[in-house]
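For reference, the structure discussed in these notes is given below.
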Amino acid sequence: MNPVPNILSLKKVPRHVAVIMDGNGRWAKERGLPRIEGHKEGAQSVRALLRAAKKANIEYLTVYAFSTENWKRPPQEIKGLMQLLVDSLNAYEQELHDNRIRLRVMGQFDRLPPPVRKRLQKTIDATAHYAGHTFIVALSYGARTEIAEAARQIAEKAKAGELDPATIDERTVAEHLYLPDVPDPELMIRTSGELRLSNFMLWQLSYAEFHIADTYWPDFREEQFFQALEAFSARDRRYGATKETEGANHG
Ligand code: FPP
């Protein structure tokens, strides 16, 4: 087994890490357990990740907890996931306060069941004043829907005469996404070895480094996270520039 990297020795850490948590179902199946048990163990990994990200001084951590496509899962699994979300919030809320971490949600908030919305809103409001660290949960999230909604808002503003179509550029689109004030992730981690983006932050991940871990999400803990940070730290990010022009656009 690889030794646990010393996070203090990392050359650079990303400001924002986004995570596709994959493999809960397979983890449960391999153990002859119902899928929800995989999600429950996965929720423990989320907690471990929150702690590890704080330790490594990551400013923004985003996890893909429920996609727009996930509404097609069996009603029983959806219900179990929504309940798990509420139970997890109850279990971690104090920890968010102790570590001064702000909770935000990204996605179609209005599609979530009212009791889940209410529970989330309580913690969102109670942590809104914390500035240093932000935990973002993508819920009923789909990047194509996000971009389409941005396009609609921009079109409405143009129609109302509030915006000149000739001035629409990348920044205009970025300003109309769900969380326009959050910097783009520099590192995207996906577990269970899959090489897909699955409609996750298509716009924001344009320049991100990808780290694919073979581990199923319930087995992805601090050690695996620090290995991902170490791999990121060793990479050379150039944003399409050459070595010589590096830094001209993105610093
Ligand atoms: C992917 O595994 C996982 C999900 C769709 C749900 C992730 C949700 C949690 C870990 C619950 C807790 C979340 C928070 C924010 C506390 P999968 O079911 O697609 O696995 P499979 O591909 O092996 O079937």
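Derivation of every value follows stated rules applied to the coordinates shown; laboratory data play no part. None of these values were measured; they are calculated from a predicted model. Because the Cβ atoms are built from the backbone with ideal geometry, glycine has one as well, and the counts that use them run over all protein chains shown.
Numbers for the structure displayed
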item	result
Failed criterion for L112 (all others in (1) within 16 Å of the ligand (Cβ to nearest atom); (2) within 25 Å of I58 (Cβ to Cβ) hold)	(2)
Breaking point among (1) of a type in the set (A, V, I, L, M, F, W, C); (2) under 30 Å from S233 (Cβ atoms); (3) within 13 Å of the ligand (Cβ to nearest atom), for V17	(3)
Unmet criterion (only one of (1) touching a residue at least 60 places away in the same chain (Cβ under 8 Å); (2) more than 9 Å from the ligand (Cβ to nearest atom); (3) over 27 Å from S206 (Cα atoms)) for Q44	(2)
Verdict on L61 being of a type in the set (A, V, I, L, M, F, W, C), without any contact (Cβ under 8 Å) to a residue 60 or more places away in the chain and within 12 Å of the ligand (Cβ to nearest atom)	no
Residue in region 113-128 that is touching a strand residue (DSSP E or B) at 6+ places or on another chain (Cβ under 6 Å), outside any helix (DSSP H, G or I) and either of a type in the set (D, E) or at negative phi (or both) present	no
Qualifying residues in region 82-100 (those that are part of a helix (DSSP H, G or I) and polar (S, T, N, Q)) - the one nearest to the ligand (Cβ to nearest atom)	S88
Among residues of region 63-81, those that are among the aromatic types (F, W, Y) and more than 16 Å from the chain's Cα centre (by Cα), counted	1
Search result, residues across region 64-81 that are in contact (Cβ under 8 Å) with a residue 40 or more places away in the chain and more than 9 Å from the ligand (Cβ to nearest atom)	T68, E69, W71, G80
Filtered residues of region 142-157 (kept if buried (at least 16 other Cβ atoms within 10 Å of the Cβ), among the hydrophobic types (A, V, I, L, M, F, W, C) and touching a Phe, Trp or Tyr at 6+ places or on another chain (Cβ under 9 Å))	A143, A150
Residue within region 1-21 that is farther than 19 Å from A231 by Cβ and in a helix (DSSP H, G or I) present	no
